[in-house]
Amino acid sequence: MKTLNGENHMRSRAIAAGVLALATVLALGACSAPSSDSRPNKQIVLWHMENTPSRVKVFQALADRYNATNPTHTVKIQVQDWGQIYTKIAAAAQSGKQPDILFAIPDFTTYVRGLGLGQPVTDVVNRVQATSGLVAASTAPYTDAGESWAVPLYGMVQMLWYRADLLRAAGVQPPKTWSELLAATKKLTSGNTSGIALPAGKNLATDQVLYSLMITGGAANFFTKDNKIAIDNSKTVAAFDLYAQLLAFSPKDSGNYSWPEPQAAFTSGAAAMAIEKGQYLAPFEAESGRPASDLGCAPIPVADNGGMPGSIYYSNGAMVLSKDKSTKDGAAKFLEWILDPKQYGDFLNAEPGLFLPITKNGGTESNWRQNPTISTYKTCVDAMLKQADTGTLFGFVDGQYVKSIGQISGQNFLAQAVQQMYVNGQTPTQAVTWIQKQMQDAISK
Amino acid sequence: MTLSTTNRAVRTVGDRLRRPVVRSGMPASTKLLGYALVAPIVIIMAVVIAFPLVSAVTTSLQNQHVIGSPADFVGVDTYAKLLQDDAFWAALGRSGIWLLLNMIVQTLLAFATALLLQRNGWWSTSARTWIMLPWAVPTVAVAVIWQWMLNSNYGVVYKIFAGVGIDLGAPFANGAFSLITVILVNSWHWFPLSAVVIYGALATVPNEVIEAATMDGANAWRSFWAITFPLLQRVLFALGLVGSLWSFNVLDSIYLTTKGGPAGASTTMPVYIYDTAFSAFRSSEAAAASVVTVIVLAIAGMLFFRFGRPKEY
């Protein structure tokens, strides 16, 4: 009996060992097996990085509507994150598992093309241009070597936002020039109110606000014709100097500000002015407790000498990555369907006020115009559309196409230079010399 | 009269804690089963540790820019470039400060909390539960909470200090204070874990030894240093070693609050590596920095083990 028990015991141990070994092999096998691409033949995979819940919902609803029209290729949306997309698309390019459509901004497009991805979409852009007309600033940063590398979908532009109630109380008119802006900022600063709330953290928000002032100061183009860095000039120094002076009247923790902090300061009345895109419109009444008429807007003030109207303009577009002609045609049809006036307004309403139309007839699209945010702030929306006409983006000024711009924008050098002034006490001249060297080093590595 | 009785008791407890498990002769099938049982986790651990290590070393010997992009073998050129980068050495120095201050602040907070928790009373009884809250809060929430609490426009902490005439300034945005502010936030987040571990260890200190010391005439302070602290040394050593390694590698707390700023003032080694890889797209330099960091940590670990290991008593 003892022997039998012992044999059973040993046998069960051997079986257990065998099962464990098998489980190990299977587990490791599962880890190492290449994942099969289970995508149906007639399906287009779209990656976008607009992962705010409202945007995800609207984009998915539009894809469902498109799929309900029985297209040759249905659309499957996969939401990604801006923070991870650079590595994810590189890995996808290596494994050949890239999406068919990829949402992009201009500098990201240069990066994706550097990975060997991206198909020309010139024919699509030309068709949309012919039927709907396109804002020039939306197509320019995607045009290289005579081809369009992304279909623009929506634009974003910055304005000077001001609290009309605070300006009225202080007897200040909306500023139009840099000197007026500085004077207004000084006059509006009192007690617990800052004249302006500006970001000075190491982030894209700071890059963008500073660049808008560089544009209106005539320092938009900081590359030579052969794409070398030429940011160290008197116009850039003047823009840096203005930013440093304005920061003296911004809340004291501006050195850590990005997008939300200036907006919170503005809506709470802790700051009288801010420079940002149209995301200020939708939540203003609810968050400030003030009537919509207290939210004022004006074009970005221009330099007193040699200034020109303008603002940073982000054209958000969609790249087509699939090389397969049938899939590429399917992707083109979907993108043209989005830009069709019948649904383009719904698309823009994913973020009313922030997403601006890039087609000429998009500005009159009824679904968009009827949105409560757009209709309430009609004057400011129209002002943003007008501002978009003079918008531009670093690396893509006046027909430029700087392929190394991703290495510069990714490191937030403009914001870092602001911090050199704001935190380390550098003069504007020193900060501009510093940034010239940093940018040169970045593109030479 | 000295503490001879107490010392004997401490030795007895120490011996009991150190007593090795006596192994009996095991049949081959039992040994085989033992190996089979540990094999899956050993193999998986080997794969998940070895593969990234080998991959990092390989990448560090190339000139890769974007992660995953084609690259050429350049030998140790990347290391030479890295070692000439002032920002690398500055980040390594800040990591040293980060490690040291986190260890000191967290140990002090944890020890003080554990000793308070050990007391009897409703406060300490209820605190044993809620004291864990800072640790249970996700790091993202911790970062947001502290940024808002210290905001100069509407921060609660900021306003409280302002109410008593203290201007906190801009703790996250001031080059002189941003690193220490993030260290304090990180310590607030993590000290409850150490506190609970130390509290658990305190519970293992035999009462009879403390009583013997008291009978020998030792006061509470003397009892703590002569009995409690020596008996906790093993736990503190393990906590210090593991905690230091964890602490060194913290990226999220820093990145979510200051992004390494302002002007690089809170850029520790993990932030430097992350920025080099994902902002500057210099993967090979980031990989080389990772390899150097592993070597530095291994040396620090060995030194800690050599000099920080509890002495036998």
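Each reported figure results from applying straightforward, stated rules to the coordinates on display, with no laboratory input. None of the values given here were measured: they were computed from a predicted structure. Note that each Cβ is placed from the backbone with ideal geometry, even for glycine, and that neighbours are counted across all protein chains shown.
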**Request:** Work out, step by step, the length gained on full extension between A:K225 and A:Q245: first 0.36 nm times the residue separation, then minus their alpha carbon distance; give nm to one decimal.
**Result:** 4.0 nm
**Request:** Using per-residue counts of other Cβ atoms within 10 Å, averaged over each peptide, order A:270-280, A:366-376 from highest down.
**Result:** A:270-280, A:366-376
**Message:** Suppose the chain between B:V164 and B:F51 were pulled fully straight at 0.36 nm per residue; how much longer would it get relative to their current alpha carbon spacing?
**Reply:** 35.1 nm
**Prompt:** Within the stretch A:100-117, whose backbone N sits under 18 Å from a point 7 Å along Cα→Cβ of A:V79?
**Reply:** A:102-104
**Asked** Label point 7 Å out from B:R128 along Cα-to-Cβ: which residues of the stretch B:204-240 have amide N under 17 Å?
**Response** B:204-207
**Prompt:** Which entries in the list A:K42/A:K88; A:K186/B:K259; A:K277/A:K323; A:K328/A:K386; A:K186/A:K228; B:K159/B:K259 go over 32 Å, if you measure between the two C-alpha atoms of each?
**Reply:** A:K277/A:K323; A:K328/A:K386; A:K186/A:K228
**Fill in**
With the charge dipole of chain B built from beta-carbon charges (+1 for Lys and Arg, -1 for Asp and Glu) about the Cα centre, the Cα from B:P27, B:T181, B:I43 projecting farthest to the positive end belongs to B:P27
**Asked** Nearest 20 debye, what's the magnitude of the dipole of the stretch B:174-297 about its Cα centre given +1 on Lys and Arg Cβ and -1 on Asp and Glu Cβ?
**Response** 240 debye
**Message:** Given a Förster distance of 45 Å, report the FRET efficiency between A:K42 and B:I145 from their Cβ-Cβ distance, rounded to the nearest 0.05.
**Reply:** 0.40
**Prompt:** Averaged over peptide B:39-48, how many Cβ atoms belonging to another chain are found within 10 Å of each residue's Cβ?
**Reply:** 3
**Message:** Let's see if you can work this out: charge +1 on each Lys and Arg Cβ, -1 on each Asp and Glu Cβ, no other charges. What is the dipole magnitude of the stretch B:79-308 about its Cα centre, in debye to the nearest 20?
**Reply:** 80 debye
**Prompt:** Relative to the longest principal axis of chain A, what angle (0 to 90°, nearest 10) does the C-alpha long axis of helix A:178-188 take?
**Reply:** 90 degrees
**Asked** Angle, helix A:82-95 long axis vs. longest principal axis of chain A, Cα atoms, 0 to 90°, nearest 10?
**Response** 40 degrees
**At R0 = 35 Å, FRET efficiency that the Cβ-Cβ distance of A:A68 and A:S326 yields, to 0.05** = 0.95
**Request:** Taking the dipole about the Cα centre of the protein assembly as shown, with the C-beta of Lys and Arg at +1 and of Asp and Glu at -1, give me whichever of A:V402, A:P283, B:T267 is farthest to the positive side.
**Result:** B:T267
**Positive minus negative residues near B:Q62 (Lys, Arg vs Asp, Glu; Cβ under 10 Å)** = -2
**Fill in**
Computed over chain A: longest principal axis from alpha-carbon atoms vs helix A:2-32 long axis, angle to nearest 10 degrees, is 40 degrees
**Asked** Among all helices in chain B defined by DSSP H, which have a length of 24 Å or more along the axis from Cα atoms plus a Kyte-Doolittle mean of at least 1.0?
**Response** B:28-60, B:86-118, B:178-202, B:229-248, B:283-308
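Per DSSP helix of 4 or more residues, -39500 (n - 2.57); summed, then divided by the residues of the protein assembly as shown. What does that give at 222 nm, rounded to the nearest 500? Intermediate values should be presented prior to the final figure.
Numbers: 35 runs with 438 residues, N = 758.
The helix-only estimate for the protein assembly as shown comes to -18000 deg cm²/dmol at 222 nm.
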**Fill in**
Lys and Arg at +1, Asp and Glu at -1: neighbours of A:G133 with Cβ under 13 Å from its Cβ sum to 0
**Complete:** Lys and Arg at +1, Asp and Glu at -1: neighbours of A:Q370 with Cβ under 12 Å from its Cβ sum to 0
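Run the numbers for A:A286 and A:D123: contour at 0.36 nm per residue of separation, minus the present Cα-Cα distance, in nm.
Separation in residues times 0.36 nm, less the Cα-Cα distance, equals 54.3 nm.
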**Request:** For chain A, calculate the relative contact order in percent as a whole number, restricting contacts to Cα pairs under 8 Å that are 6 or more residues apart.
**Result:** 24 percent
**Request:** In nm, give the distance between the simple-model label positions of A:S95 and B:F304, each being 7 Å from the Cα along the Cα-to-Cβ direction.
**Result:** 3.5 nm
**Interchain or long-range residues, amide H under 5 Å from A:V75's placed H** = A:I44, A:N67
**Prompt:** FRET efficiency for B:D252 and B:V157, Cβ-Cβ distance as r, R0 = 30 Å, nearest 0.05?
**Reply:** 0.90
**Asked** How would you order A:98-110, A:329-341 from highest to lowest mean count of nearby Cβ atoms within 10 Å?
**Response** A:98-110, A:329-341
**Item:** Prolate/oblate/rounded label for chain A (Cα gyration tensor, a/c 1.5)
**Value:** prolate
**Prompt:** How far is it, in nm, from the label point at A:T87 to the one at B:I295 when both lie 7 Å from their Cα along the line to the Cβ?
**Reply:** 2.3 nm
**Asked** In whole angstrom, how far apart do the alpha carbon centroids of the stretch B:115-162 and the stretch A:115-165 sit?
**Response** 48 Å
**Message:** Using a 7 Å offset from the Cα along the Cα-to-Cβ direction at both A:Q370 and A:I443, what is the distance between the two label points in nm, to one decimal?
**Reply:** 4.8 nm
